[in-house]
Structures are given as structure tokens and as C-alpha cells.
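The values are calculated or read from the model by the stated rules, or taken from the named source; none is laboratory data. This one's a predicted model, so the numbers in the text were calculated from it and none came from an experiment. Note that we place each Cβ from the backbone using ideal geometry, even for glycine, and neighbour counts take in every protein chain shown. Keep in mind that these areas ignore ligands, DNA and RNA; they rest on the heavy atoms of the full protein, side chains included. Shrake-Rupley method; radii C 1.70, N 1.55, O 1.52, S 1.80 Å.
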Amino acid sequence: MHRQVAADRYRLLRHARPKTSAPDKGLREGAALPSGQPEALMAAARRPHDALPLDALRHTAAHVLAYAVQDLFPEAKPTIGPAIETGFYYDFDRAEPFTPEDLGRLEGRMKEIVSADYPMTGRQATREEAVAHFKGNPYKVEIAREIPEGEPITLYTIGDFTDLCRGGHAHSTGEIGALKLMSVAGAYWRGDEHNPMLQRIYGTAFSTQKELDAYLVFLEEAAKRDHRRLGQELGLFSLEEDAGGGLVFWHPKGAVVRGIIETFIREGLRERGYDQVVTPHIMHEKLFEISGHLENYAHSMYGPLEVEGQRFRLKPMNCPGHILIYRSEGRSYRDLPLRYAEFGTVYRFERSGTLHGLTRVRGFTQDDAHLFCTPEQLQKEFEQTADEALRLNEAFGFTGLEYFLSTREEHMRIETDTIAEQAIRNALESRGLPYQVDEGGGAFYGPKLDINVHDAIGRKWQLGTVQVDFLLPKRFDLKYRGSDGLDHTPVMIHRALAGSLERFFAVLIEHYGGAFPLWLAPIQAVIAPISEHQLDYARQVAARLRAEGFRIQVDESNEKIGYKIRHWKLQKVPYIVVVGNQEKNDGTVAPNERGRDEKRPALPLDAFIAELRDRVRQKN
RNA sequence: GCCGACGUAGCUCAGUUGGCUAGAGCGCCACUUUUGUAAAGUGGAUGUCGUGGGUUCGAGUCCCACCGUCGGCUCCA
């Protein structure tokens, strides 16, 4: 058993890959936005991590880094250094921090090592030999001791540097065509915060300089799509220091997009027979005792607030509230399934260091719903919910989704978990969706299906989640009267398809690089008069378009048309409608359309309205 | 929370080894101009230099604490 655990840990170690990519550097205005979608860009700039040649090259680059560190900072102890999706890293134990200048020196030394073209030679060693070789380095010794019996222990050498390593390398250091060190960051030994903090140096390597340059350009382009940057530039949202970290302020333009997302979701809910409910943000603590949140989820909950001697809590989830509505009257099997939906705002404690833009916050609104059904209805309800999740992602243009079946932790398993997991597997498999299993990643009340998407920089975020729950109905003693006249316990499905509106918005911003399609654009068209002589006409056009339901602004500034065009182009407005004397006299408009360089001829206002209507209907 | 970096005008940033009333560009305001598809001209206002302590004759520059941001570790929508 112990051996097995050790083997697992070793395997984990060898395949350790952070889910995040190399960091971006702060970047300036410059080249135009990339034309493709982030997924395509990622695919172009990044190779799949199982493409052996690049992986081997980067793995070798990690050794070169450790070699350079050994030369320049002999007191640093190398630990582990794998290839990752975007390059490689190597963790070192060293009292002094590596400075940016140190990285420059290390990179210089690495290039020398590459130029020297040291052959990479490997040999097998006994455990004793390996332990002896790395005495003084407890990390390497720990790894050497944990390599399972029967697996070969191998040492690899370039020049004067020998490392404990499983292999998978270039033949010589000269095969590394281009490399660059990216950043330093703290990382716990084996990712465990009880372990010492190591210093992780991130780098990337390619077989040619051209590929490296292309990757760096990609990082610059990705940084321009960063939702935090666009959120400010486009006036969508802010995070306010005075309010505290991780708390989101939706500005008018961001709130418009949110409203559209909510409307879209509400329409889906209505079609699928959901009922909207609204529940309080703060509730008595005993509710969370019954639900088990205090026992299992307290680490994410804020402390109690005392009101007249009673303890209240901010809700971290909406389920207990919805359960109270279910329980408020007797239910019959004829009532089921009951589907309660709420844009429910929840508050969860996140450690300050983990907060990130809109994707990791402390207060957020879920497009949450809880379905109460009979066990017989479970499969169908689950599949319908999964389909709705797919529809949502498709409508907002998200591709490259990843599906996870997250099971409950082993020690918490209850017999119904198998049924729940099977329902999830059935739904995935009948739809032909590839999925991965996240052992122990489930909610405390049951297993779940998670849907992940990538942001502009390649970071992976969970959006949708559909969860099966046999537990909370029991804890709250929920019942329905069956056709047999007896009481039965319903099954619950917890689901949030966009996940959190904040995170969904972040991914949406990055997906479109801030250039929202017409149906989502906060300002759909700006009416820009050539001079103030056409201002009245511009206002009339705006009034007419607003009456048709479009979101319109008039540029009344005392600027030349070139300035107005530039200003609103930078704001990524889909249409800038130019009106001069000619348009005023003819009753026409001259639209300048985002993404089209050629000048469009003026057209009658009615024809323009028809065009807008059409595009909004088609959601493009 | 931990490791590291950072915090100067609404935004992006300069501010030399601590030393006169803290600067630039963009934005904002006013005036001039009445403009035809990615930046017209002139003038003007704007800062408790993140917050609170400390060192010093003197702190945006040095030290400490806290807050926040960024890159990671960990956790999750």
C-alpha cells in the first residue's frame, strides 16, 4: 500500500504540469488585434504537451537551466524541473531570491551551454548510488528513495552537471534552438504549503528562434485581450481597492452585457420549465449546519455576523435557500421535477493571493438552479441540463471545452454516488463528449460534471457545473408523496451553466478581445455628425434607432470626423454611423463597420435598421 | 495565506547618490475652428506620491507594518 502511494506520488511528480502557462509581460498599444480566436492562437503558438520532440527539447532546457544555476549559484539545490505546455520550469531551494538580473545572467550561461553542444548521456544507477550522489540535497534524495522497486533509476549528464531524471531528452544541448527565461515565482515543494517554499524559474524553449519569436508575439497579443485590461479600457467593470479585494463593480457598459447574458439564460430556463426564485444573501447559521456547509465548506465561508444574539452567515451557495422553498409545502410526485432557478449572489472566502480579475473573486453571481426530481427522472433531467450547458457555450462562441467527471473523495463516498456518477457518464458518453476524471474533485454532497474553458493566456477556468446530490435531500429530510401513497426522498441536481457571471464575462471579453458581436455590444452604434450642423439629424437618427430597441450613442463632441472614428474604433463599437449634409438631405446614414476597412456607401436609415435587426437576430 | 515584484494626476508612465513651488503624453475643461472616415490649434485645471508609523535639518526616494495589484504555489464558480 505504502509502495503504491509512493509510486503514485512519483508518477505525479514526473508528470507534474501546472495548469497555468507562462506569464505575460505588461504590454503597450501596438499592432492590431489578432484576427483569430484565442484557441486558434494558442494552438499555433503552443504545441500539445504530448508532442515528444518539443517536450524532450524543453525537458533538456530545464537541465540546462539547472546546470547554469549550479555554475552561477552553487548553493542552490535543484529539485524538479519538468517540461510544461508553454515551456519548462525548474524549482530550486535557495535562501536568496533570484532577481531579474540573475535571470539575465542565467540565460546568458544557458546559451553558452547550448552553444557548447554537450551530449546528454544517461546511465542506470542503484538506489544507493543515487542517494549517495545527491547527499546534501534532500529533495533529490527523497525522489531517489521513492522511485518504486523495479523501476530503473537513471542519471543524466550534460557537461559537469548530473541530474536524477527519468529521461526523454534531446541528444545534445545544441538541439535547443532558442530559449528564454520568463519569470521567477514561489512554489511549495510538491505543491504542499506545509513544505518549504522553493523558487521556481519559468522558461520556454523552441527548436528555432522564429518559433520563439512567434510565441512571444502571441503572448503580447494575448495580453491585449486580457479582460482586466479591456475591462478598464472599455469601461466594463472595476475592482475597487476601497471596497476590498475580489469584489466586482459592474460599470454601465459591463452591466448591459450582463443583462443580455441574463436574458439569454432566462429564456432558456423558461423554455425548459424552470421557475425563478429569489432568496436572501444572509441566513441563519443553523441552516448551514443542517446542510453540512459548516462542516465541509467552512474554509470558504465568512465568519458569523451577530444579530440580536443570533448568528448569521453570508451564503456561499444557493442550495439551502432553494431547499427551504421546496420544503415549505408538501410535494407530490406529480409536482416533480421542480426546477428552481436564481441569479444567486454568493460570497466565498478566497485567499488574497489567489484573487484574479473577474475569474477569481470573493463575491459572485451564479446562474444557479436546483432541480428536485424522482430517482427515475434523474437521468433525463441531467441530460437536459447538460444539453442546455452546451447550448449556452455555443451561443457565446466558446469552443475548446473540456469536460471533467469529478468524483467524491473516497472517504466520503456513499452508495448512491455510483448511481450519480453513472448518470454523468451516461450523459457524456451518449453525447460523444470526451472527458477526464477528476478523482475526489466532487462537491461534498456529490459528484459533478464540470466544463472548463481556456482564457486568452491559456489559463483554464471552470465555468459550467452540473452536480448530482442524494445527500442534501436526506439532510433536510425532503419528501414527496409517491403514487404508492408513501413518502420518498427526491434527488437534487445542482447546476450553474455559465458558472459565475463574473467569470463567464471575463472569458467572454477575452474570447472576443473586447469586440463584442452586435447582439452583445454595450453600444451598438455611435452616430457621428461631420459637424454640428448635422447634430439635430444625428439625434433624430439616434432616437429612431433607440425606438427600434438598439443601444445608441451620439458623438456630440467638437471634434473632426477622423478623431471620432478613431475614438470609437478603439472602443470597439460595431458601427460608427457618419452623418453629414449629404446624409441629412437624403435621409440616409453612412455606416463605418467594425472589421471592414473599405468605405461603405450611404444607405437609407430603414435599410440600416433592417441590417441591424438581422444581425441581432442571428447573434453575430 | 506563502514566495517574489510593484503601487506617483482619470489612464500609461518619468522622477538621478534623500535637497527649491512633483513632471510628460493621453484624457478632462475653455476658447478658436465647422470639419467627410483611425488623433485640428491655443490655453487651463488636476496629485494627502497606496495607508499609517519611523529615521533625517529635509522623504515620492531609506526602514517597519498594513492595504491593494501583478506572476506563481494551493483551493475553487
### Task
Bin width 10 Å, alpha-carbon pairs only: give the P(r) of region A:111-184 as whole percents, running from 0 to the bin holding the largest distance.
18, 41, 31, 10
### Message
Can you compute the helix-only [θ] at 222 nm over chain A? Use -39500 (n - 2.57) per DSSP H run of at least 4 residues, normalise by all residues, nearest 500 deg cm²/dmol.
### Response
-11500 deg cm²/dmol
### Message
Give the lysines whose C-alpha is closer than 25 Å to that of A:K140, dropping any in the same chain fewer than 8 places away, or say none.
### Response
A:K19, A:K77
### Message
Please report the equivalent ellipsoid semi-axes of chain A, computed as sqrt(5 x eigenvalue) of the Cα gyration tensor, largest first, in whole Å.
### Response
47, 39, 21
### Query
Taking the mean number of other Cβ atoms within 10 Å as a proxy for protection, how do you rank A:327-339, A:491-503 from highest to lowest?
A:491-503, A:327-339
### Query
Rounded to the nearest 20 Debye, what is the dipole magnitude of chain A about its Cα centre when Lys and Arg each give +1 and Asp and Glu each give -1 at the C-beta?
780
### Message
Can you compute log10 of I(q)/I(0) for region A:250-512 with the Debye formula, treating each Cα as one identical point scatterer, at q = 0.07, 0.12, 0.13 Å⁻¹?
### Response
-0.24, -0.72, -0.86
### Query
Could you give the length gained on full extension between A:E295 and A:R327, defined as 0.36 nm per residue of separation minus the Cα-Cα distance, in nm?
9.3 nm
## Note on the structure
The lysines whose Cα lies under 19 Å from the Cα of A:K180, excluding any fewer than 8 residues away in the same chain, are A:K25, A:K111, A:K210
### Query
Expressed in nm to one decimal, what extension gain is obtained for the pair A:A214 and A:E128 from 0.36 nm per residue of sequence separation less their Cα-Cα distance?
26.4 nm
## Note on the structure
antiparallel share of DSSP beta bridges within chain A, to nearest 5, in %, is 85
### Query
Past the 19 Å Cα-Cα mark, which pairs from A:K460/A:K572; A:K315/A:K448; A:K560/A:K599?
A:K460/A:K572; A:K315/A:K448
### Task
Hey, could you get me the Stokes-Einstein D for region A:408-537, Kirkwood radius over alpha-carbon pairs, 10 °C and 1.306 mPa s, rounded to whole µm² s⁻¹?
85
### Task
Express the accessible area of chain A per residue in Å², computed with a 1.4 Å probe while the remaining protein chains stay in the model.
46
## Note on the structure
Share (percent) of C-alpha pair distances in region A:525-618 greater than 17 Å works out to 43
### Two-decimal Rg to Rh for region A:81-137 - Kirkwood Rh, Cα set
1.03
